[in-house]
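Trainee: The structure that follows is given in the form of structure tokens.
A short reminder: the numbers here are calculations on the coordinates, not readings from a lab. This one's a predicted model, so the numbers in the text were calculated from it and none came from an experiment. Neighbour counts are summed over all protein chains in view; Cβ atoms, including those assigned to glycine, are modelled from backbone coordinates with ideal geometry.
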Amino acid sequence: MKTVGIIILVIGIVCTIMFGIQAMQDSESFSVLGMDIAVSSADWTPLIISVIVLLVGAFLYSKGKR
């Protein structure tokens, strides 16, 4: 159980970083009255799923330590 938890945890970390960077790059900015306004056009679903996978991996890893 501990090994499976570590594998899922690592996959969750990598995907969270990858999809997080992609979501940050999918934002557009424009200037209104001298202020920069950023609008995100990213799809946040893969990032949310990656965080859930990361949490499941952490939970399985902590259960395996006992």
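Trainee: Filtering region 27-42 down to residues that are within 26 Å of the chain's Cα centre (by Cα) and outside any strand (DSSP E or B), which residue is nearest to T16 (Cα to Cα)?
Mentor: A42
Trainee: Now for a separate question. Would a scan of region 47-55 turn up a residue that is touching a helix residue (DSSP H, G or I) at 6+ places or on another chain (Cβ under 8 Å) and not in a helix (DSSP H, G or I)?
Mentor: No, that holds for no residue.
Trainee: List every residue pair whose Cβ atoms sit under 8 Å apart, with the two residues 6 or more apart in sequence or on different chains, where the first one lies in region 1-29 and is without any contact (Cβ under 8 Å) to a residue 60 or more places away in the chain and surrounded by 16 or more Cβ atoms within 10 Å (Cβ to Cβ) and the second, anywhere, is among the acidic types (D, E) and not in a helix (DSSP H, G or I).
Mentor: Here the result reads A23/D43, each pair linking region 1-29 to a residue that is among the acidic types (D, E) and not in a helix (DSSP H, G or I).
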